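Trainee: Quick one: the structure is below, questions incoming.
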Amino acid sequence: LRLDSYTRIGLLIVGAFGSYSLGANNIGNVMGVFINASPFQDISVAGIFTFTSVQQLFLLGGIAIGIGVISYSKKVMQTVGSGIFKLSPVTALVVVLASSLTLFLFASQSLHDFLTSNHLPAFPLVPVSSSQAVVGSVMGISIAKGGRNLNFKKLGQISLGWVVTPIASAILTYIALFFMQNVFLQNVYH
């Protein structure tokens, strides 16, 4: 009973860290493309602080991420939690911690600065795939437990998604740019 209580507390703490790491990693994907074209102006709040246009973009992106989590993430969570490999509360804690640390390593400016100032190699500050981090963590748990009960069919579907996603994005972007230039007469590149 005591272990269960500690596991629940650990899951809450690691879950909060995971949310932080996910937000730090994904905000660049969500709003980074808009930084040079931000429609917002800096806002001075009672002369105490300034709410910059970039901060406004990040707030909007954070709200959008939150809405996405609430409205569309249930099926994805079920796939990760039991569709690939059945996770116990303790193994779920390990998966969330490992994937969160992975995202944090690639998103933390402070860690990057600390490592480079001490002449140590640092991780590049780039957005990385949170789904690859989580699925890799689940696979690691499965391998540590002997590899049995790993759903290779589901892993194949996920891997196919990783291959198809950038191709589909490129095709849809090309079509959208074609329409912007030829239907709406917008100059889409210089």
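The values are calculated or read from the model by the stated rules, or taken from the named source; none is laboratory data. Here the structure is a predicted model, which means the values were calculated and not measured. A quick note on method: Cβ atoms are made from the backbone with ideal geometry, for glycine too, and the neighbour counts reach across all protein chains shown.
Trainee: Given the residues 110, 100, 131, which is the only one that is assigned by TED's automatic domain parsing to the domain that holds residue 9 and either crowded, with 17+ Cβ neighbours inside 10 Å or farther than 30 Å from residue 37 by Cα (or both)?
Mentor: Of the residues listed, the single one that is assigned by TED's automatic domain parsing to the domain that holds residue 9 and either crowded, with 17+ Cβ neighbours inside 10 Å or farther than 30 Å from residue 37 by Cα (or both) is 100.
Trainee: Filter segment 178-190 down to the residues that are in a helix (DSSP H, G or I) and hydrophobic (A, V, I, L, M, F, W, C) and list them by number.
Mentor: Listed by number, the residues that qualify are 178, 179, 180.
Trainee: May I ask you to list the residues in segment 146-179 that are surrounded by 13 or more Cβ atoms within 10 Å (Cβ to Cβ) and over 20 Å from the mean Cα position of the chain (by Cα)?
Mentor: Answer for segment 146-179, where residues must be surrounded by 13 or more Cβ atoms within 10 Å (Cβ to Cβ) and over 20 Å from the mean Cα position of the chain (by Cα): 150, 151, 154, 177.
Trainee: While we're looking at this one, here's another question. I'm told residue 29 meets every condition in (1) free of Cβ contacts under 8 Å to residues at least 60 places away in the same chain; (2) out of contact with any Phe, Trp or Tyr (no Cβ under 8 Å at 6 or more places or on another chain) except one. Can you identify the failing condition by its number?
Mentor: (1)
Trainee: Could you tell me how many of the residues in segment 32-55 are β-branched (Val, Ile, Thr) and in contact (Cβ under 8 Å) with a residue 12 or more places away in the chain?
Mentor: Counting residues in segment 32-55 that are β-branched (Val, Ile, Thr) and in contact (Cβ under 8 Å) with a residue 12 or more places away in the chain gives 3.
Trainee: Sort through 69, 76, 80, 45 and tell me the only one that's more than 19 Å from residue 162 (Cα to Cα), more than 12 Å from the chain's Cα centre (by Cα) and β-branched (Val, Ile, Thr).
Mentor: Just a single option satisfies the conditions, and that option is 45.
Trainee: Sticking with this structure for a sec: Please enumerate the residues belonging to segment 17-50 that are hydrophobic (A, V, I, L, M, F, W, C) and either farther than 25 Å from residue 70 by Cβ or exposed (fewer than 12 other Cβ atoms within 10 Å of the Cβ) (or both).
Mentor: If the condition is that a residue be hydrophobic (A, V, I, L, M, F, W, C) and either farther than 25 Å from residue 70 by Cβ or exposed (fewer than 12 other Cβ atoms within 10 Å of the Cβ) (or both), then 33, 35, 37, 43, 45, 46, 48, 49 are the ones that fit.
Trainee: Let me ask something additional. Kindly evaluate residue 67 against the criterion of being over 30 Å from residue 146 (Cα atoms) and in the same structural domain as residue 141 (by TED's automatic domain parsing).
Mentor: yes
Trainee: On to the next question. Condition check: exposed (fewer than 10 other Cβ atoms within 10 Å of the Cβ), outside the structural domain of residue 95 (by TED's automatic domain parsing) and farther than 21 Å from residue 77 by Cβ. Does residue 182 satisfy that?
Mentor: no
Trainee: Further question: Just the residues that are hydrophobic (A, V, I, L, M, F, W, C) and either under 21 Å from residue 44 (Cα atoms) or touching an Asp or Glu at 6+ places or on another chain (Cβ under 9 Å) (or both), please, taken from segment 56-72.
Mentor: 57, 58, 59, 60
Trainee: Looking only at segment 140-147, decide whether some residue is touching a helix residue (DSSP H, G or I) at 6+ places or on another chain (Cβ under 6 Å) and either in contact (Cβ under 8 Å) with a residue 24 or more places away in the chain or outside the structural domain of residue 78 (by TED's automatic domain parsing) (or both).
Mentor: Among the residues of segment 140-147, at least one is touching a helix residue (DSSP H, G or I) at 6+ places or on another chain (Cβ under 6 Å) and either in contact (Cβ under 8 Å) with a residue 24 or more places away in the chain or outside the structural domain of residue 78 (by TED's automatic domain parsing) (or both), which makes the answer yes.
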